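Worksheet for the structure shown next.
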Amino acid sequence: MLNSPPPVVLVTGSSRGLGRGVAETLASAGFSVAIHYASNKDAAAATAEACAKLAPNPAQKFAQVGGNIGLASDRQRLFDETLAAYGHLDALVNNAGVAPRIRADITEATEEIFDEVIGINLKGPYFLSQLAARYWLANPGKARVPGGYKLLFVTSLSANTASINRGEYCISKAGLGMATQLWAVRLADAGVQVLELRPGIMATDMTAGVKDKYDKMLADGLVPQKRWGTPQDVGLATKAILEGHFPFSTGDVINLDGGFHLRRL
């Protein structure tokens, strides 16, 4: 990569958490990363600074693009800003997502919170992927990553594990699983690879409030590998895909959950 323009990746929600882990891992591997944030510009700047320190190629760039991906106008703007900053896009990693502001039993959950979670977690990635797909279809054969352009959806074990006090979150992640399959079928003959990364119990600020609860459950064997997942776990999987190490896969789920998904007696 040092002798050619760096590949460009837009990672949504990369100012913190799993997205920051993905951005930093890709930066260390020679990728330019468009760092997306919803509202915390300072956090995005900190991620960009960390990425710059890890970058082996002085040609790498780490532009910061802000916006609520649940809003059509913001999605279009941040996508346009990414292309303006780099003139190119090789991969989109749909990572941004939110938990419900108020966790409530599904008999008490409100439409307001449902709409907010679905808008950001499902509608946003679905239509941001549409923007990327249109760009790639209009620019065939120009990918700087092995095997063609890449479209990734970061979901959650909640895609197929029911939590009745955050039903809207589970539905949003299950929907992304189908979005992965839909985009994989639509884009396969255009040379675009589409995959779902499905993290398990991850150590991020989203789970900080339930650390003690999950520490005990992990120790008791809820996860066969008996540890928290990390942002770097997601970053390494993303890097492997973007570097072409899964050339004959599309529409598949890659579980990053320490074996949580295994059925056991």
query = Where the centroid of each part is defined by its Cα atoms, how far is the stretch 12-34 from the stretch 196-265 in Å?
reply = 17
query = At what distance in angstrom do the alpha carbon centres of the stretch 54-70 and the stretch 149-177 lie from each other?
reply = 26
task = Measure nothing fancy, just the Cα-based angle from helix 231-242's long axis to the longest principal axis of the chain, in degrees from 0 to 90, nearest 10.
result = 40
ask   = Within the stretch 162-176, what residues put their amide N at less than 13 Å from the label point 7 Å along the Cα-to-Cβ vector of K213?
value = 163-167
note = Share of Cα-Cα pairs in the chain beyond 33 Å, whole percent, is 16
inquiry  = Output wanted: per-residue J couplings in Hz (rounded whole) for the stretch 204-216, from phi through Karplus 6.51 cos²θ - 1.76 cosθ + 1.60, θ = phi - 60°, x for Gly and Pro.
reply    = 9, 5, 5, 9, 4, x, 10, 4, 4, 4, 6, 3, 5
message = Over the Cα atoms, compute the radius of gyration (one decimal) and Dmax (the largest Cα-Cα distance, rounded to a whole number) for the stretch 79-127, in Å.
response = 15.3, 48
task = Within 10 Å of each residue's Cβ, count the other Cβ atoms and sort R20, R186, R101, R166 from fewest upward.
result = R101, R186, R166, R20
query = Once amide H atoms are built 1.01 Å from N in the peptide plane, which residues 5 or more positions from I35, or in another chain, come under 5 Å H to H?
reply = A63, Q64, V65
ask   = Taking a point 7 angstrom from the Cα of Q130 along the C-beta vector, which residues in the stretch 177-203 have backbone N less than 16 Å away?
value = 179-180, 182-184, 186-187
remark   = So for R0 = 22 Å, FRET eff. of N139-A72 from the Cβ-Cβ r, to 0.05, ends up at 0.45
ask   = What span do the alpha-carbon atoms of the stretch 117-198 cover on each of the three principal axes, reported in whole Å from largest to smallest?
value = 45, 20, 19
query = Using Cα atoms only, what is the angle between the long axis of helix 124-138 and the major principal axis of the chain, expressed in degrees (0 to 90) to the nearest 10?
reply = 20
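Quick note: the coordinates plus some simple rules give every number you see, no bench work behind them. What you are looking at is a predicted structure, and each value in this text was computed from that prediction instead of being measured. Please note: Cβ atoms are built from the backbone with ideal geometry, for glycine as well, and neighbour counts cover all protein chains shown.
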